[in-house]
Amino acid sequence: MITRTEYMQNSSVLHYEYYLQFATDSTFHFVRTSIGLEKLRSSKDKYFNDIIKHGPSGGWIWDHSPVNLPLMRELGEVGTKSLPSKSTCTCVGKAAARKILSEAE
């Protein structure tokens, strides 16, 4: 497990692994069903920023990625009574997408 403190000390190297640890089966299901493997494969942007799709309640689709909130709290990503930001959910969803792509190849 990578704590928030460890991540902040080397975020450019640890970004993918840090956010991937907060992905759940629900995250992977969400990415597969809401975005899909074909859209991921056809993305021309290494950060998937060209996948512009609105979520169920509006906003960018990545903002709605499910996350492992208890683990986020345990590792210091969010406070004990806080919720993750939309950008954090986006990073988790995109890490899951990257893993889905790598496993599909």
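Below are the figures for this structure:
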| item | result |
| --- | --- |
| Hits in region 63-105 (condition: closer than 22 Å to residue 46 by Cβ, of a type in the set (Asp, Glu) and over 13 Å from the mean Cα position of the chain (by Cα)) | 103, 105 |
| Candidate set from region 8-34 (those that are of a type outside the set (A, V, I, L, M, F, W, C) and crowded, with 16+ Cβ neighbours inside 10 Å); member that is farthest from residue 89 (Cα to Cα) | 34 |
| Residue in region 35-47 that is on the phi < 0 side of the Ramachandran plot, polar (S, T, N, Q) and surrounded by 18 or more Cβ atoms within 10 Å (Cβ to Cβ) present | no |
| Check on residue 30, at positive phi and of a type in the set (Phe, Trp, Tyr) | no |
| Odd one out for residue 80, checked against (1) at pLDDT below 95; (2) surrounded by 11 or more Cβ atoms within 10 Å (Cβ to Cβ); (3) closer than 24 Å to residue 2 by Cβ | (2) |
| Among residues of region 12-60, those that are hydrophobic (A, V, I, L, M, F, W, C), closer than 26 Å to residue 2 by Cα and touching a residue at least 12 places away in the same chain (Cβ under 8 Å), counted | 8 |
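The values are calculated or read from the model by the stated rules, or taken from the named source; none is laboratory data. This structure is a prediction, so every number in the text was calculated from the model and none was measured. All Cβ positions, even for glycine, are placed from backbone atoms using ideal geometry, and neighbour counts span all protein chains on display.
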